Amino acid sequence: MTNPLVAELVELLGLERLELNLFRGQSRDIGTRVVFGGQVLGQALSAAQQTVDSERSAHSLHAYFLRAGDMEAPIVYNVERTRDGGSFSTRRVVAIQHGEQIFNSTVSFHKPQSGVEHQTDMPAVPGPDELPARKVFSPEELAKLPPKLQRWFGNKGPFEMRRVEQRDDLNPGKLPPRQHVWFRLVDRIGDSPALHRSMLAYASDFNLIGTAMLPHGISFLHRNVQVASLDHAMWFHRPFRVDEWLLYACDSPTAQDARGLARGQVFSTDGRLVASTAQEGMIRVVEEQSA
């Protein structure tokens, strides 16, 4: 692992252990105004995993985002060991900043067992090698954008993403509420399944609520659009690696009352369904004040 952005993310998800069930995490600025929700998801899952026997792996996560996270302050994760049964373990994780809860989640872990198996088919879409990489803006192009957009487009991240359906985020137009995005870490990491699950939890917060905005021709980059994740659910089905290409197939069945619902399925390149997600987010379009 030689890429500093990947090494930084591995360190962020590793956390500092303060006590038996108490952990502290730092934040990375990815160009958003507040702490990226995927970071909190990944850190919470990492904290929970560190209190469970290594033979048990996370199979589901259900979380609520309660308050925006402060980028400049550490986040403390308190893990409650709710139950350890013969096959399943349950953990509740509360994330705290400035004495207040900003996030809570319940994570369930399962000992591997044999049983019935089936899955839905992977969508028939072009592979990542057939798609263009994300546009890289020159310093001159960035200088013409508002500060918020400069921060977003000027930040390099630890994940490479390639969209099947191409669009302009600044002028997206009205599109069907579905999208397919290939993604992977830009560098290899170790073989720890727990680390790969935390990485996937981190990446799963990208693109979901954006799918619910597609039919309305709006983007979180627009000045008059306010977007925030409200909750997040995730299920891990089969082994995977986040340093190899994964396909995120997202759709949005409904939006109403300033909220949008989005669902996702994550496939490996050989067609295995490795994870599923669901998220509801706040989507507010406010009238811009005339000068």
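Remarks
- Leading residue by the ranking (modelled with the lowest pLDDT) among those in segment 157-166 that are surrounded by 15 or more Cβ atoms within 10 Å (Cβ to Cβ), assigned to a loop (DSSP other than H, G, I, E, B) and not aliphatic (A, V, I, L, M): Gly157
- For segment 186-205, the count of residues that are part of a loop (DSSP other than H, G, I, E, B), touching a Lys or Arg at 6+ places or on another chain (Cβ under 9 Å) and over 30 Å from Phe109 (Cβ atoms) is zero.
- Lone unmet requirement of (1) farther than 22 Å from Val125 by Cα; (2) modelled with pLDDT under 95; (3) surrounded by 15 or more Cβ atoms within 10 Å (Cβ to Cβ); (4) small (Gly, Ala, Ser) for Ala233: (2)
- Cross-chain or 6+ apart pairs with Cβ under 6 Å, segment 204-223 first and over 19 Å from Ala63 (Cβ atoms), then at pLDDT 90 or above: Leu214/Leu175; Leu214/Pro177; Pro215/Lys174; Pro215/Pro177; Gly217/Lys174; Phe220/Val227
- Selection of segment 198-229 for residues being closer than 26 Å to Leu12 by Cβ, out of contact with any helix residue (DSSP H, G or I) (no Cβ under 9 Å at 6 or more places or on another chain) and of a type in the set (A, V, I, L, M, F, W, C) yields Leu208, Ile209.
- Exactly one residue out of Tyr64, Tyr77 is closer than 27 Å to Gly37 by Cα, within 20 Å of the chain's Cα centre (by Cα) and buried (at least 17 other Cβ atoms within 10 Å of the Cβ): that is Tyr77.
- Enumeration of residues in segment 11-29 that are surrounded by 19 or more Cβ atoms within 10 Å (Cβ to Cβ) and among the hydrophobic types (A, V, I, L, M, F, W, C): Leu12, Leu13, Leu15, Phe23
The values are calculated or read from the model by the stated rules, or taken from the named source; none is laboratory data. Small disclaimer: the values here were computed from a predicted structure and weren't measured. All Cβ positions, glycine included, derive from the backbone under ideal geometry; neighbour counts span all protein chains shown.
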